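> What follows is a structure written as structure tokens; I'll ask about it next.
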Amino acid sequence: MTFADTAAAPLSNLPPLEDIQAQDAAHHWHPFTDTADLNARGTRVIKSAEGCWLTEAQGRKLLDGMAGLWCVNVGYGRDEIVEAVARQMRELPYYNTFFQCTHPPATELAGMLAEVYPPHMKRSFFTVGGSDANDTAYRLAQVYWQSMGKPTKTAFIARKNAYHGSTVLGASLGGMAAMHGQGGSAVREVHHIDQPYWFGEGRPHGLTPEEFGLQRARALEAKIDELGEDNVAAFIAEPIQGAGGVVIPPETYWPEIKRICAEREILLIADEVISGFGRFGTWFGCQSFDFEPDMMSMAKGLTSGYQPMGAVAISEKVAEPVMAEAGEVFHGYTYSGHPAACAAAIANLRIIREEGLVERVRDDIGPYLGQRWASLEDHPLIGQTRSRGLIGAAELVKRKEPDIELFPNRGTIGARCRDICVQNGLVMRAVGDSMIISPPLIITRDEVDRLVDLARKSFDELADALSREGALA
Ligand code: PXG
């Protein structure tokens, strides 16, 4: 297929699947991918989508249990967003927000966000995605402490197995050892404490979730003491670790973190890239756990993925000294406040508000999914289910009685389970042996039933295959 062919091909008239796969294998380097392995298997080609359903090039439909990559909150096929972006592109496809300039979509979006933020926040800095939103939060934290006359406060504390993006800073803030091993730990002033993953790390030691939550929160206090409070700028954390495996902290965790941050002089930054815009049944994840971050990084649900965009919400506590002391802050992106992305975000926020999607997750579909998802816990392969709003995980285990036994080589069985799910028409992600869901917020009760039925069917098939192989003995 040549450039001329692609330009001429109408969307409904795709080239043969093998041609797409061959071209992809020859020229397209994919994110987070073993390229040789992918090219040997061939990519799955998604050609269109509507609501919660994806359509593959061959016409097969898949239920999207992941909302794309945790982002398509309002579902696919929302003409309101498409039209808003097209209108904006005709009017003003690009202008920057540097040099004393703004444009109507950037200001309108900033105003709308101030209405939905927790009350102590009213300002937004716009970015292109979540990784660079964390870059912005990091830079602003440095400028804040300089403005406060405490320039030695530069270190960041984050958590092992956290995901904060894939730029050098994002990977450094994140706690993914595999990323660190490939040049992703270059920012030296980041220190990692253990994560509050009770099922994987607390339960095996006989701790109750409550005891474990307190213990893991107090690791923050210990790390601040070790580094010296005068050297620590901030603690950054996802309210629930997403890519790390939907690690929902025990109920004791966030209140203790909140106490520590109030007693110690460090900033608290919530990475709301997944949790922002309704996923837990609150506008932001911090509201679900009742804490007030000094900054929030956001992306994904901000535009529901219809345009690439992120943002940082800045509390007045941070903004005021910076405005008073710092002068120019030497930081910004060509596409900060991109007009088409802002137009998508505005239309997306209108849908979330007008359709009451946050309340729907809180009062109706979240509890429904919670109850249906928990019903999977009686499956012999499922050692634990957990969920909050429309995010959830199910832990695959080798044995449940008399004691839980995990599979050896964590991740192998999870990947197999994921492949079976896809064969059965359900997109679910595997993180190690945790099966993860994060569907669009518009998912219906029937679709939740379908999702859970397909998951159970897939677990059954996996269990049959493993028992034939003698792997459950
Ligand atoms: N923070 C969090 C909490 C995220 O989940 C980012 C930052 C980075 O955002 P950008 O827009 O720069 O990608 C993310 C992104 C996965 C997976 O495997 C998750 C993400 C990205 C890629 C893969 O679940 N989340």
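The values are calculated or read from the model by the stated rules, or taken from the named source; none is laboratory data. Because the structure is a prediction, the values reported are computed rather than measured. In this analysis, Cβ positions are derived from the backbone assuming ideal geometry, glycine residues included, and neighbour counts consider all displayed protein chains.
> Which condition does residue 272 not pass, out of (1) in contact with a strand residue (DSSP E or B) (Cβ under 8 Å, 6 or more places away or on another chain); (2) charged (D, E, K, R); (3) within 27 Å of residue 248 (Cβ to Cβ); (4) away from the ligand (no atom under 16 Å from the Cβ), if it passes all the others?
The failed condition is (4).
> Against the definition (within 13 Å of the ligand (Cβ to nearest atom), of a type outside the set (Phe, Trp, Tyr) and within 14 Å of the chain's Cα centre (by Cα)), how does residue 175 come out, yes or no?
Spelling it out, it is not the case that residue 175 is within 13 Å of the ligand (Cβ to nearest atom), of a type outside the set (Phe, Trp, Tyr) and within 14 Å of the chain's Cα centre (by Cα).
Listed here are the residues, each with its yes/no results for (1) in contact (Cβ under 8 Å) with a residue 60 or more places away in the chain; (2) in a strand (DSSP E or B); (3) more than 16 Å from the ligand (Cβ to nearest atom).
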{"residue": "164", "(1), (2), (3)": "yes, no, no"}
{"residue": "171", "(1), (2), (3)": "no, no, no"}
{"residue": "196", "(1), (2), (3)": "no, no, no"}
{"residue": "199", "(1), (2), (3)": "yes, no, yes"}
{"residue": "214", "(1), (2), (3)": "no, no, yes"}
{"residue": "217", "(1), (2), (3)": "no, no, yes"}
{"residue": "221", "(1), (2), (3)": "no, no, yes"}
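> In addition: Filter segment 287-305 down to the residues that are assigned to a helix (DSSP H, G or I) and within 13 Å of the ligand (Cβ to nearest atom), then identify the one that is nearest to residue 338 (Cα to Cα).
So, considering only residues that are assigned to a helix (DSSP H, G or I) and within 13 Å of the ligand (Cβ to nearest atom), the one nearest to residue 338 (Cα to Cα) is 302.
> Among the residues of segment 48-72, which ones are touching a helix residue (DSSP H, G or I) at 6+ places or on another chain (Cβ under 8 Å), away from the ligand (no atom under 16 Å from the Cβ) and more than 13 Å from residue 443 (Cα to Cα)?
57, 58, 62
> Quick check: anything in segment 308-328 closer than 20 Å to residue 135 by Cα, assigned to a helix (DSSP H, G or I), within 15 Å of the ligand (Cβ to nearest atom) and modelled with pLDDT of 95 or more?
So far as segment 308-328 goes, no, none of its residues is closer than 20 Å to residue 135 by Cα, assigned to a helix (DSSP H, G or I), within 15 Å of the ligand (Cβ to nearest atom) and modelled with pLDDT of 95 or more.
> Before we move on, is residue 344 more than 16 Å from the ligand (Cβ to nearest atom), assigned to a helix (DSSP H, G or I) and not assigned by TED's automatic domain parsing to the domain that holds residue 449?
no
> Filter segment 134-162 for residues that are away from the ligand (no atom under 11 Å from the Cβ) and part of a loop (DSSP other than H, G, I, E, B) and give the result.
Those that are away from the ligand (no atom under 11 Å from the Cβ) and part of a loop (DSSP other than H, G, I, E, B): 148, 149, 150, 151, 152, 153, 154, 160, 161.
> Can we say residue 243 is modelled with pLDDT under 95 and within 22 Å of the chain's Cα centre (by Cα)?
no
> In addition: Criterion first (more than 22 Å from the chain's Cα centre (by Cα), in contact (Cβ under 8 Å) with a residue 24 or more places away in the chain and in the same structural domain as residue 155 (by TED's automatic domain parsing)) does residue 312 satisfy it?
Criteria not met by residue 312.
> Might you check whether a residue that is at pLDDT 95 or above, among the hydrophobic types (A, V, I, L, M, F, W, C) and farther than 19 Å from residue 78 by Cβ occurs anywhere in segment 343-366?
Checked segment 343-366: no residue is at pLDDT 95 or above, among the hydrophobic types (A, V, I, L, M, F, W, C) and farther than 19 Å from residue 78 by Cβ.
> Which of (1) under 23 Å from residue 291 (Cα atoms); (2) touching a Phe, Trp or Tyr at 6+ places or on another chain (Cβ under 9 Å) does residue 131 not meet, given it meets every other one?
All conditions pass for residue 131, except number (2).
> Looking only at segment 128-137, decide whether some residue is surrounded by 23 or more Cβ atoms within 10 Å (Cβ to Cβ), in contact (Cβ under 8 Å) with a residue 60 or more places away in the chain and more than 17 Å from the chain's Cα centre (by Cα).
yes
> Of all residues in segment 413-422, which are in contact (Cβ under 8 Å) with a residue 12 or more places away in the chain and either over 17 Å from residue 384 (Cβ atoms) or within 15 Å of the ligand (Cβ to nearest atom) (or both)?
414, 415, 416, 418, 420, 421, 422
> Identify all residues within segment 224-254 that are assigned to a loop (DSSP other than H, G, I, E, B) and away from the ligand (no atom under 16 Å from the Cβ); write none if there are none.
228, 250, 251, 252 - these are the residues of segment 224-254 that are assigned to a loop (DSSP other than H, G, I, E, B) and away from the ligand (no atom under 16 Å from the Cβ).
Rundown of residues vs (1) more than 16 Å from the ligand (Cβ to nearest atom); (2) in contact (Cβ under 8 Å) with a residue 12 or more places away in the chain, yes/no style:
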{"residue": "387", "(1), (2)": "yes, yes"}
{"residue": "392", "(1), (2)": "no, yes"}
{"residue": "401", "(1), (2)": "yes, no"}
{"residue": "408", "(1), (2)": "yes, no"}
{"residue": "429", "(1), (2)": "no, yes"}
{"residue": "437", "(1), (2)": "no, yes"}
{"residue": "447", "(1), (2)": "yes, yes"}
{"residue": "450", "(1), (2)": "yes, yes"}
{"residue": "468", "(1), (2)": "yes, no"}
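> Let me spell it out: the conditions are (1) surrounded by fewer than 21 Cβ atoms within 10 Å (Cβ to Cβ); (2) in contact with a Ser or Thr (Cβ under 8 Å, 6 or more places away or on another chain), and residue 394 meets all of them except one. Which number is the exception?
(1)
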